[in-house]
1. Picking from Val55, Val47, which residue would you name as being in a helix (DSSP H, G or I) and either crowded, with 17+ Cβ neighbours inside 10 Å or within 18 Å of the chain's Cα centre (by Cα) (or both)?
2. Would you check which residues across region 22-45 are of a type in the set (A, V, I, L, M) and over 13 Å from Arg104 (Cα atoms) and list them?
3. Could you figure out which of (1) open to solvent by less than 60 Å² (accessible area, probe 1.4 Å); (2) within 16 Å of Val25 (Cα to Cα); (3) part of a helix (DSSP H, G or I); (4) of a type outside the set (A, V, I, L, M, F, W, C) isn't true of Glu85?
4. Select from region 90-132 the residues that are among the small types (Gly, Ala, Ser) and within 12 Å of the chain's Cα centre (by Cα) and write down the one among them that is most open to solvent (accessible area, probe 1.4 Å).
5. Which of (1) open to solvent by 90 Å² or more (accessible area, probe 1.4 Å); (2) within 30 Å of Glu4 (Cα to Cα); (3) part of a helix (DSSP H, G or I) does Thr63 not meet, given it meets every other one?
6. Filter region 11-44 for residues that are of a type in the set (D, E, K, R), assigned to a helix (DSSP H, G or I), without any contact (Cβ under 8 Å) to a residue 40 or more places away in the chain and open to solvent by 70 Å² or more (accessible area, probe 1.4 Å) and give the result.
7. Mind checking whether some residue in region 48-62 is without any contact (Cβ under 8 Å) to a residue 24 or more places away in the chain, within 18 Å of His16 (Cα to Cα) and not polar (S, T, N, Q)?
8. For Gly78, work out the one condition from (1) exposed (fewer than 13 other Cβ atoms within 10 Å of the Cβ); (2) part of a helix (DSSP H, G or I) it doesn't fulfil.
Amino acid sequence: MSDEFLSFTLRPVETHHDLLMACSVRAQAYGRKDPAYRETMSVPDAVDASPWTAVFLCEDKATGEPIGTMRVQSTTRGSSKLEIEKYVEPPPELTLFGRAEITRLAAVHGADPFVRLALWKAAYLYCMAIQA
């Protein structure tokens, strides 16, 4: 098996500055499709600040610029409901298990195509680790 080297790093957000960088990616990516989202996505919201949410950030190795992000909200770290469950009730048998919701998945225009794939893999590994 050979090693592959990516042009970016992927890590959990640790500081408020990291979270603002993730929000800048959201604003660029979502704002490109609909400019009305640019302002609202540029600042963290209540879900970002909750203890049951993890935000991940991809940064370009060459420039250090943020190029991708996503957030994972789970029910295994204290929350009993996901954001989507405010609108759709899950089947009762599913509420017995940990659940996770991946939102705000975004990459800037022109980013390495593997950014989104790496974020999905990180979400999977994170959910396995927290048993969501």
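1. From the options Val55, Val47, the qualifying one is Val47.
2. Scanning region 22-45 gives a single hit, Ala36.
3. (2)
4. Ala100
5. (3)
6. At the first step, the residues of region 11-44 found to be of a type in the set (D, E, K, R) are 11, 14, 18, 26, 32-34, 38-39.
Now restrict to residues that are assigned to a helix (DSSP H, G or I): 18, 26, 32-33, 38-39.
Now narrow it down to the ones that are without any contact (Cβ under 8 Å) to a residue 40 or more places away in the chain: 18, 33, 38-39.
Selection gives Lys33, Arg38, Glu39.
7. Residues of region 48-62 without any contact (Cβ under 8 Å) to a residue 24 or more places away in the chain: 49, 53.
Still in the running and within 18 Å of His16 (Cα to Cα): 49, 53.
Next, from what is left, pick out any that are not polar (S, T, N, Q): 49.
Within region 48-62, one or more residues are without any contact (Cβ under 8 Å) to a residue 24 or more places away in the chain, within 18 Å of His16 (Cα to Cα) and not polar (S, T, N, Q).
8. Failed condition: (2).
The values are calculated or read from the model by the stated rules, or taken from the named source; none is laboratory data. The shown structure was predicted, so the numbers you read here are calculated from the model rather than taken from an experiment. Quick reminder, even Gly has a Cβ in these numbers, built from the backbone with ideal geometry, and neighbours come from all protein chains shown. Protein only, heavy atoms only, side chains kept; ligands, DNA and RNA dropped before computing areas. Shrake-Rupley method; radii C 1.70, N 1.55, O 1.52, S 1.80 Å.
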